[in-house]
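See structure below.
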């Protein structure tokens, strides 16, 4: 598309404001590891909450939701709506525990909770496994969305999109550290939301659509509008309702929705001023993530069914787009081509904002693992803060290059989403129980991680090569959860427990509620050491259930 001067001016202003924030933040970012990767642990809850929402408002998210709606209808979104339970469990049970731990990264937790060489191995291995492998898969999904948006809206090639956006984002991330990321996220989130709502308004009033009322009366759209799948159709009920609520939310692992918290969510909680700020930040994140954002994307997705009813119609409208990238998720950027001058520039800037907020967070988070949990822990224990920040910046560049390469091999957002879900299948319960049950040990986590990865690789590569019968995604997920859970439960009971000194130190520091630490508590009390916990697991679970009804009520009453 040909952008006007006004469009370029809006996009240029966005880059200028983001750069100024990065420059201002850079004055403090390089002072120490804590400043660069945790913003000094002094951020307010509302900033942290908005930052987490902005991070999950990635450039690929509208594409993912559009692909879901076009294939499975509005009810198809239950595949990610069910993760609300995971997030609220973190809010009311784990947020304060993370802040109480005092660790610099969530991987440092391993040597606080476990003992021996297994704990060190787990920390080092996961610094690469999560910080590089998983992280690059997630970023590749975001970059893939950028490739599709750039191709449709600007006529840019995949390589041009990767090089230009990658360079800009890396420079911006290197400058400001986490503080710069958070401050810019707040600005970018406002832009991204305004752009999403404006785009939904404009496409609904296209002549082909005829307004919102006529859109909802279109026969093809009406087939996609149900908030719940057909209760008599088990082919829809199992993957969309039964599996997500019975198994997926507690057993799976997905960035931003880790059971018990983790990744950049834990990074934000650790950067909070207090336990209360950590809790409030994660609650704001869950409410905005599920109740505020989805409908503008869903409206555009429904309108795209009218304008581009088939993949062939999208390919005909954009013949220069590589057929590899013409999937249902391409319909979102295709609909944005109808935006008028000025608004087009604003929406493109908002999508760039969504892209930058997600990539910058993942780069900073992944680099913190490489610098703190791999380099300092295993390469140079005497490394000072200045050197760690330098290592983090080098890692930032490397992560961007790797994720850009992976993005060029992908085809659709849903493809990568399914792969990541399968790799994490069966590990979620470990992350829930490790805070609450003394018997979980390092070998538990190692087993869960290895078995889930092997099962995922089997379904992804071995099964097609052997031409085995193809299974539905939910069947593969259920098998992965079953095998992984059986493996780690067995290993937990046949391997030695974490040593007594580590268990006692952890219990005294964290003071978790519930009865899972009763043996440790009793041994401490026998020696006259009384540890009282003010945390109530049952009260936290009741708050989780109440908040679940509240947020779903807002989401569906709006819809």
**Fill in**
Expressed in angstrom and ordered largest first, the alpha-carbon extents of region 1-100 along the principal axes are 51, 49, 19
**Label point distance in nm, residue 23-residue 378, each placed 7 Å from Cα along Cα→Cβ** = 4.0
**Prompt:** Mean shadow of region 48-203, computed from the convex hull of its alpha carbons, in nm²?
**Reply:** 11.9
**Request:** Tell me the label-point distance for the pair residue 310, residue 337, using the 7 Å Cα-to-Cβ offset, in nm and rounded to one decimal.
**Result:** 1.8
**Message:** Going by Cα centres, region 340-364 and region 302-323 are how many Å apart?
**Reply:** 23
**Prompt:** Which order, highest average first, do 206-215, 235-244 follow once you tally other Cβ atoms within 10 Å for each residue and take the mean per peptide?
**Reply:** 235-244, 206-215
**Item:** residue 71/residue 508 FRET efficiency (R0 41 Å; Cβ-Cβ; nearest 0.05)
**Value:** 0.20
**Message:** On the principal axes of its Cα set, how long, how wide and how thick is region 195-338? Give whole Å, largest value first.
**Reply:** 52, 38, 34
**Item:** Separation of the residue 546 and residue 222 label points, Cα + 7 Å toward Cβ, nm
**Value:** 4.2
**Complete:** For the chain, longest principal axis from Cα atoms; helix 275-287 axis from its Cα atoms; angle between them, nearest 10 degrees, is 30
**Prompt:** How far, in degrees from 0 to 90, does helix 537-558 lean away from the longest principal axis of the Cα atoms of the chain, to the nearest 10?
**Reply:** 0
**Item:** Three-way shape call for region 364-515 based on the alpha-carbon gyration tensor, with the a/c threshold at 1.5
**Value:** oblate
**Request:** Kindly rank 423-430, 344-351 from highest to lowest mean number of other beta carbons found within 10 Å of each residue.
**Result:** 423-430, 344-351
**Asked** Percentage of Cα-Cα pair distances in region 129-205 greater than 20 Å, rounded to whole percent?
**Response** 50
**Asked** Using the alpha-carbon centroid of each, what span in Å lies between region 469-521 and region 238-272?
**Response** 16
**Prompt:** For region 193-228 and region 66-82, what is the separation of their C-alpha centers, rounded to whole Å?
**Reply:** 16
**Request:** Would you kindly give the portion of the calculated P(r) for the chain that falls above 42 Å, as a percent of all Cα pairs?
**Result:** 18
**Prompt:** Hey, could you pull the Cα Rg and Dmax for region 125-171, both in Å?
**Reply:** 12.6, 41
**Asked** In region 429-559, what is the volume of the convex hull around the alpha carbon atoms, normalised per residue and reported in Å³?
**Response** 145
**Message:** Over all directions, the average projected area of the alpha-carbon convex hull for region 290-345 comes to how many nm²?
**Reply:** 4.8
**Request:** Please determine, in degrees from 0 to 90 and to the nearest 10, the orientation of helix 45-56 with respect to the longest principal axis defined by the Cα atoms of the chain, where the helix direction is its Cα long axis.
**Result:** 60
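Bear in mind that the values in this text are calculations on the coordinates, not laboratory data. Computed from a predicted model, the values in this text were never measured in an experiment. Neighbour counts are summed over all protein chains in view; Cβ atoms, including those assigned to glycine, are modelled from backbone coordinates with ideal geometry.
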